[in-house]
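The values are calculated or read from the model by the stated rules, or taken from the named source; none is laboratory data. Bear in mind the structure is a predicted one, so any value in this text is a computation, not a measurement. Cβ coordinates were reconstructed from backbone atoms using ideal geometry, including for glycine residues, and neighbour counts include every protein chain displayed.
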Amino acid sequence: MKTLCLLSIQLLIVTFAAGQQPEAFPVRGFCIAAPRSHQVEPFVKFVKDELKTRNINTLVLRVDFNFMYEKHPELRDSAALSKKDVAAITAACKAAGISVIPQINLLGHQSWASTTHNLLRVYPEFDETPHVKMPEKYQWPNADGLYCKSYCPLHPGVHDVVFSLVDEVCDAFGSTAFHAGMDEVFYIGDDKCPRCAGKDKAALFGNEVTLIRNHLAAKNRRLWIWGDRLLDGHTTGLGMWEASTNATSPAIDIIPKDVMICDWHYERPDKTAVYFAMKGFQVITCPWRNPSVATVQSADMSAYRSSATAMMKDRYQGMMQTVWSDVGSFLDGYYNPKTDPGTGTNTPWDCFRALFPVVK
């Protein structure tokens, strides 16, 4: 790690010595759960005071069911964002020069721990694995291999519902892009699914990405996804979380090349952005809570752009800080600096400050 950090610092020193400023990335992003209605005001202040001063130009908001959907009100969270709340967020972002990209987790992440999320709770017929029952007390690992539930991509009714949500939330935020999640999909092509059993898992995953992409493209919107399911966890040694060990990785050769890949690695600065770029995709590197890893990743992204061919350069799009807590927890840690009992200063707010210092 120390060697990697020194190499990155040396790269920046060489750049400055040559009389060049480090090039601004096309995407300087921040990803967090959408605020609850009562958190909108402090979040808007954070956008104005912190994101704007760091030249953040892209905000991915994990909305999921935290919006007062009108076409499917049965899928709303309680105390969900109103159109007025959304208007306040989008107005602040527009004034700060920030594009907002809403996210709804599609395919995977339809449950968490012992809780089934709204889609499968209201429409249990969409469940890829209805035979896997939610435990009263969740533990990992478990006999069912349950991490998060998935919906069945071949169910004839599922896309009418989820695409309605996608269109409504994109319209509300006035967005020209949508993030579909698609990460950590462990349940796909289950042997007991009457529609998916025996089918190629890479084809199932790739076709689902393509279907979502085509729906968005018809409305002049672009699809963003997390990239882990497109990496081979066995060949790379990245394992089952940051890559796939359930045969979905060949889907990288199925999905359209205009899908934006959000490539996340949290504990090591693995250089998989090069792989995505060489496959023809634009790619963003996404850290979480480790400042030393994030700074290496940012230096790597600068190096990729400075050393790439003219054809490849624009595929290296930049960096996006990810936050995997609610807005309240993050703002509390950010404005009242705290260390984590387990990781010390390896926190999302420390990582954010290291990755995107205030621009003077």
- Scan the range 54-69 for residues that are in a loop (DSSP other than H, G, I, E, B) and out of contact with any Phe, Trp or Tyr (no Cβ under 7 Å at 6 or more places or on another chain) and jot them down. 55, 57, 63, 64, 65, 66, 68, 69
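Results for (1) free of Cβ contacts under 8 Å to residues at least 60 places away in the same chain; (2) in contact with a Gly (Cβ under 9 Å, 6 or more places away or on another chain), shown as yes or no for each residue.
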{"site": "184", "(1), (2)": "no, yes"}
{"site": "191", "(1), (2)": "yes, yes"}
{"site": "210", "(1), (2)": "yes, no"}
{"site": "235", "(1), (2)": "yes, no"}
- Item | Selection status of residue 318, in contact with a strand residue (DSSP E or B) (Cβ under 7 Å, 6 or more places away or on another chain) and surrounded by 17 or more Cβ atoms within 10 Å (Cβ to Cβ) | yes
- helices (runs of 4 or more DSSP H) fully within the range 107-225 counting 2 or more residues that are of a type in the set (A, V, I, L, M), in contact with a strand residue (DSSP E or B) (Cβ under 7 Å, 6 or more places away or on another chain) and within 30 Å of residue 93 (Cα to Cα): 158-173, 201-217
- Note on the structure: So, first residue more than 17 Å from residue 324 (Cα to Cα) and of a type in the set (Lys, Arg) in the range 35-61, second residue assigned to a helix (DSSP H, G or I) and at pLDDT 95 or above, Cβ within less than 7 Å, six or more apart or across chains; the pairs are 48/92
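Condition check ((1) surrounded by fewer than 19 Cβ atoms within 10 Å (Cβ to Cβ); (2) modelled with pLDDT under 95; (3) among the hydrophobic types (A, V, I, L, M, F, W, C)) across all residues:
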residue	(1), (2), (3)
29	no, no, no
51	no, no, yes
60	no, no, yes
79	yes, yes, yes
- What number of residues in the range 303-348 are assigned to a helix (DSSP H, G or I) and closer than 24 Å to residue 109 by Cβ? 7
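Residues are listed down the side, and each one gets a yes or a no for (1) in a helix (DSSP H, G or I); (2) among the aromatic types (Phe, Trp, Tyr); (3) more than 16 Å from the chain's Cα centre (by Cα):
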| site | (1), (2), (3) |
| --- | --- |
| 235 | yes, no, yes |
| 252 | yes, no, yes |
| 257 | no, no, yes |
| 276 | yes, yes, no |
| 293 | yes, no, yes |
- If you go through the range 203-210 one residue at a time, do you hit one that is modelled with pLDDT of 95 or more and on the phi > 0 side of the Ramachandran plot? no
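Per-residue answers, yes or no, for (1) at pLDDT 95 or above; (2) closer than 21 Å to residue 157 by Cα; (3) buried (at least 21 other Cβ atoms within 10 Å of the Cβ); (4) in contact with a strand residue (DSSP E or B) (Cβ under 7 Å, 6 or more places away or on another chain):
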| site | (1), (2), (3), (4) |
| --- | --- |
| 37 | yes, no, no, yes |
| 43 | yes, no, yes, no |
| 54 | yes, no, no, no |
| 57 | yes, no, no, yes |
| 66 | yes, no, yes, yes |
| 74 | yes, yes, no, no |
| 82 | yes, no, no, no |
| 99 | yes, no, no, yes |
- Item | Residue count for the range 205-240, restricted to those that are crowded, with 16+ Cβ neighbours inside 10 Å, farther than 12 Å from residue 258 by Cβ and in contact with a Ser or Thr (Cβ under 9 Å, 6 or more places away or on another chain) | 10
- Query: Could you say which residue among 285, 309, 295 is closer than 26 Å to residue 201 by Cα and modelled with pLDDT of 95 or more?
  - Reply: 285
- Looking at the range 118-137, is at least one residue more than 22 Å from residue 226 (Cβ to Cβ), out of contact with any Gly (no Cβ under 6 Å at 6 or more places or on another chain), aromatic (Phe, Trp, Tyr) and buried (at least 17 other Cβ atoms within 10 Å of the Cβ)? yes
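Please pick out the residue among 252, 225, 261 that is in contact (Cβ under 8 Å) with a residue 24 or more places away in the chain and in contact with a His (Cβ under 8 Å, 6 or more places away or on another chain).
225
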- Task: Output the number of the condition that residue 326 fails; it satisfies all remaining conditions of (1) surrounded by 14 or more Cβ atoms within 10 Å (Cβ to Cβ); (2) of a type in the set (D, E, K, R); (3) farther than 30 Å from residue 80 by Cβ.
- Result: (3)
- Checking residue 176 against (1) crowded, with 19+ Cβ neighbours inside 10 Å; (2) under 17 Å from the mean Cα position of the chain (by Cα); (3) of a type outside the set (Phe, Trp, Tyr), which single condition isn't satisfied? (1)
- Item | Hits in the range 339-357 - residues which are at pLDDT below 95 and loosely packed, with under 13 Cβ neighbours inside 10 Å | 339, 341, 342, 343, 344
